[in-house]
1. Lys106 - would you say it is without any contact (Cβ under 8 Å) to a residue 60 or more places away in the chain and basic (Lys, Arg)?
2. Taking the residues in segment 148-179 that are exposed (fewer than 13 other Cβ atoms within 10 Å of the Cβ) and out of contact with any strand residue (DSSP E or B) (no Cβ under 8 Å at 6 or more places or on another chain) as candidates, determine which candidate is modelled with the lowest pLDDT.
3. Would you mind finding the one in Ser144, Ser140 that is over 30 Å from Leu189 (Cβ atoms), modelled with pLDDT of 85 or more and in the same structural domain as Phe166 (by TED's automatic domain parsing)?
4. Regarding segment 64-71, can at least one residue be identified that is of a type outside the set (D, E, K, R), surrounded by 15 or more Cβ atoms within 10 Å (Cβ to Cβ) and at pLDDT 80 or above?
5. Please specify each residue of segment 72-106 satisfying the condition of being among the acidic types (Asp, Glu) and modelled with pLDDT of 80 or more.
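The values are calculated or read from the model by the stated rules, or taken from the named source; none is laboratory data. Because the structure is predicted, anything quoted here is derived from the model rather than measured. Cβ placement follows ideal geometry from the backbone for every residue including glycine, while neighbour counts extend to all protein chains displayed.
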Amino acid sequence: MGQRLGTPISGNLINCFGYVAPITVSQLNGGTGASSSTFWRGDGTWVAPVTSIDTATGAITISGLLSRSSQDLRVTAATQSDQETATSTAVAVTPGRQHFHPLSPKAWATFVGSSGSVVASSGVTSVSRGGAGTYTVTFSTAFSSAVNYGALGSTEHNLANSIVKFGSGANKTTTTIAVFAINLATNGLVDPDYVTVMFFGDQ
């Protein structure tokens, strides 16, 4: 009786590349470079997985297969100290540490001039209005000292040109700062439509 369709018979299976299945190491580049620590790469060579970090640029280079737990890629997160020093290129920045960098603002707010009502903010607990063009900003996190932080401000005003002035001395502490909106035409205090303030320094 002849062989039925689907019934296996003895012999070797030749694939489309002319290799006998299963393909052995010796059939791939003659086995040159093959070992327990290398793999067959698409360019036709046996290579070892490599992970390296460029300490100058922080670039991570990976070659190979991360298929075992011992080959998992692990990235070290920057600490508050790393961010404040701002010199490392071998750690990664996470959202909770980004703001500790010297070039990052520590707090900001946009508020309504006539009421002190906060429109949007970060790092600011509250804004209180003490009178026309007079406000007190309270920070969520205290600065390291009352003299080591700087401030920037702007106003939006349809009726008059105005600027922002910040308090000093008793009007500037580690947790609060006085903000004044000045009418450039009269040099008097004025309530702008909106006031925006931003603060930089160490916390």
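1. No, not satisfied.
2. Taking the candidates together, the pick is Leu159.
3. Ser144
4. no
5. The answer is Asp82, Glu84.
Residues checked against (1) outside the structural domain of Thr186 (by TED's automatic domain parsing); (2) in contact (Cβ under 8 Å) with a residue 40 or more places away in the chain; (3) assigned to a strand (DSSP E or B):
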{"residue": "Ala90", "(1), (2), (3)": "yes, no, no"}
{"residue": "Thr94", "(1), (2), (3)": "yes, no, no"}
{"residue": "Pro102", "(1), (2), (3)": "yes, yes, no"}
{"residue": "Ser115", "(1), (2), (3)": "no, no, no"}
{"residue": "Ala120", "(1), (2), (3)": "no, no, yes"}
{"residue": "Thr136", "(1), (2), (3)": "no, yes, yes"}
